[in-house]
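Below is one structure; the comments refer to it alone.
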Amino acid sequence: MAIINNNGIILTTAEEVLSWGRRNSLWPVSIGLACCAIEMMHTAASRFDTDRLGIIFRGSPRQSDVLIVAGTVVNKVAPMLKLIYDQMPEPKWVISMGGCASAGGPFPTYSTLQGVDRIIPVDVYVPGCPPTPQALLWGILELQKKIKAKKEGKEFKEIPIKQAAPSFPIKK
Ligand code: SF4
């Protein structure tokens, strides 16, 4: 916790500063799987400009702490996606962007993974087909809230997957 004394000087702990920096400088790995990735690129481009929020896309999973699963996860690509997740250093987080990543979307077929949380843990589900850049920004801000709540030992209300992707059938 930060305290401002009578001289206007902020007193806090090194741990608090590190935690603040970590949650406000999320670096997603640059990977897109399908049409949702176009919206993800749009979010990073000049109109929405995630750089101003400290969100900078990196070219290597080893330099990233967020995996945004943007698009349809087919069974053929699932092992590669898992490998990328495994190569990211701890602590790391996952945002499932769109109906396909969250629940298979409009592809309830044998070739499509019916939810990326079957292979990697998901922290935030962003609904939509595709989600708008504003929706993805909302998801990133939710993730920041979740990181802060976890650090402070508070409860973070998870978003149920049925609310995240209500328009698609969810296979059990
Ligand atoms: S959720 Fe919609 S926009 Fe996103 S990858 Fe699936 S079909 Fe494409």
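Some notes on this structure:
- The set of residues in the stretch 87-123 that are open to solvent by 40 Å² or more (accessible area, probe 1.4 Å), in contact with a Phe, Trp or Tyr (Cβ under 7 Å, 6 or more places away or on another chain) and among the charged types (D, E, K, R) is empty.
- Helices (runs of 4 or more DSSP H) fully within the stretch 1-96 that include at least 2 residues being within 16 Å of the ligand (Cβ to nearest atom) and either without any contact (Cβ under 8 Å) to a residue 60 or more places away in the chain or under 21 Å from ASP123 (Cα atoms) (or both): 36-44, 78-87.
- Within the stretch 119-145, being part of a helix (DSSP H, G or I) and among the hydrophobic types (A, V, I, L, M, F, W, C) holds for ALA135, LEU136, LEU137, TRP138, ILE140, LEU141, LEU143.
The values are calculated or read from the model by the stated rules, or taken from the named source; none is laboratory data. A quick note: this is a predicted structure, and the numbers were derived from the prediction, not measured. So basically every Cβ, Gly included, is an ideal-geometry build from the backbone, and we count neighbours across all protein chains shown. All accessible areas refer to the heavy atoms of the entire protein, side chains included, with ligands and DNA or RNA removed. Shrake-Rupley method; radii C 1.70, N 1.55, O 1.52, S 1.80 Å.
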